[in-house]
Amino acid sequence: MPIVYDKMMKLLADNGYTSYRIRKEKILGQATMTAVKNGTGGLDHRSIARLCHVLHCQPGDLMEYVEETEE
């Protein structure tokens, strides 16, 4: 997947957000969080907006485009 969310995972951890807290505060659902962690899914615009609000950041602070390499 060309969009990676490593920046988002680091921001969440740096701000004390565990997967339990993320679910409890209804920031992201469990399925979405699992898909993002595994690199099999992405975020919709509402989730990105919610994360930006909670983390006081911009969308580019959450994700990064990485070109896929041909194998």
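FYI, it's all coordinate maths here, none of it is from the lab. Bear in mind that the values here come from a model prediction, so they are computed numbers and not experimental data. Don't worry about glycine lacking a Cβ; one is built from the backbone with ideal geometry, like all the others, and counts go over all protein chains shown.
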So, for the Cα atoms of the chain, Rg and Dmax in Å stand at 12.0, 40
PRE reach from Lys7 (point 7 Å along Cα→Cβ): which of the range 34-71 fall under 13 Å by backbone N? 52, 57-66
